[in-house]
Amino acid sequence: MSKIAFIGGGNMATAILGGLIENGYNSQNILVSDSSQEKLVQLKDQFKVQTFNDNQAAAEQADIIMLAVKPQVMQQVIAPLATTFKNKKPLIISIAAGISLESLSKWTDPSLAIVRCMPNTPALVQKGASGLLANSNVSATQKQLTDDILKAVGLSVWVNSEQDLDAVTALSGSGPAYFFLFIEAMINAGEKLGLEAETAKLLALQTALGAATMAAKSADEPAQLRKNVTSPNGTTEQAILTFQNLKLEDTVSKAMQAAFNRSIELSEELGK
């Protein structure tokens, strides 16, 4: 079993290592390095993983390195590890937004196998969606290893370019916030219609969960599912027509384009 070192023990790292352990991965093959002693104690107590306050010590023992630090400090964190990476030749998986494969190779070594991963916050409840992009040094076996790790917290899909990963960022990376906003709006509207706040919240949350579950399990496309519940001259039709008259689809497209553009900007800023 490969040893995985998490450089950074924040929420996303915790979600991934927790998912791995829940799916049968030996906790003694998981190493975590973090600057926060409090975080390390918490992870050791909760998951029985090996913990370090020295990135070098963790990296030297690992076959897979999971880079889980903030994008703004990525270069200063991994630059001192470049020699170790070059000698050990681990598979490197970065979950830092905005840091391109080119930048990661430049800051370490161009011969390394590196995967960029764009996860999202539902990984915290093992319902995540991750976009993956590999450089040319990543083997088929290493791709499968990456899949196995990320599937512990949801689904993963491979894309072909940095631009594709910017699109993933705009869709699934930022996407949970779009749904939270819509749920929030439904709750507020329910209250305005006279429902108690807690009743409106319960109904909105269950409706969102039910609709997503139906869409995921049904053989029908979402458009057909929508048509199935939109009776002519009915209540749903009036709501849908209102959304369409107010150009909901156009608004969603513009919002995702803005997120896509910002993802590209961040990559350029952080890669300097």
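Points to keep in mind about this one:
- Each of Trp107, Trp158 was scored by other Cβ atoms within 10 Å of its Cβ. Arranged with the fewest first, they read Trp158, Trp107.
- With neighbour counts taken as other beta-carbon atoms within 10 Å, the residues Phe180, Phe260 rank, fewest first, as Phe180, Phe260.
- Note on the stretch 15-174: antiparallel DSSP beta bridges, both residues inside, total approximately 20 percent of the bridges counted.
- Violating pairs (Cα-Cα greater than 32 angstrom) within the set Lys70/Lys143; Lys86/Lys151; Lys106/Lys217; Lys106/Lys247: Lys106/Lys217; Lys106/Lys247
- Of Leu203, Leu165, Leu133, the one that fluctuates the most in a GNM where the chain has Cα springs shorter than 10 Å: Leu203
- Close amide H pairs (under 5 Å, H built 1.01 Å from N) link Trp158 with Leu132, residues at least 5 positions away or on another chain.
- Listed values (i) 21.4, 69; (ii) 17.9, 59; (iii) 20.5, 63 include one computed from this model; for Rg and Dmax of the Cα atoms in Å that value carries the label (i).
- Under a Gaussian network description of the chain, with springs only between Cα atoms under 10 Å, the residue in Lys88, Lys254, Lys151 that fluctuates furthest is Lys254.
- For GluC sites (Glu not before Pro), the sites in the stretch 178-272 that DSSP calls loop and that have at most 16 other Cβ atoms within 10 Å are Glu196.
- Computed from phi, the 3J(HN,Hα) profile of the stretch 23-34 under the Karplus parametrisation 6.51, -1.76, 1.60 (θ = phi - 60°) reads 8, x, 6, 5, 4, 6, 9, 10, 10, 10, 10, 7 Hz, with x in place of Gly and Pro.
- Taking Thr251, Thr242, Thr83 as the candidate residues, the one with maximal mean-square fluctuation in a Gaussian network model of the chain, Cα springs under 10 Å, is Thr242.
Each reported figure results from applying straightforward, stated rules to the coordinates on display, with no laboratory input. Fair warning: this is a prediction, and the values are worked out from it, not measured in the lab. FYI the Cβ positions are ideal-geometry reconstructions off the backbone, even for glycines, and counts take in every protein chain you see.
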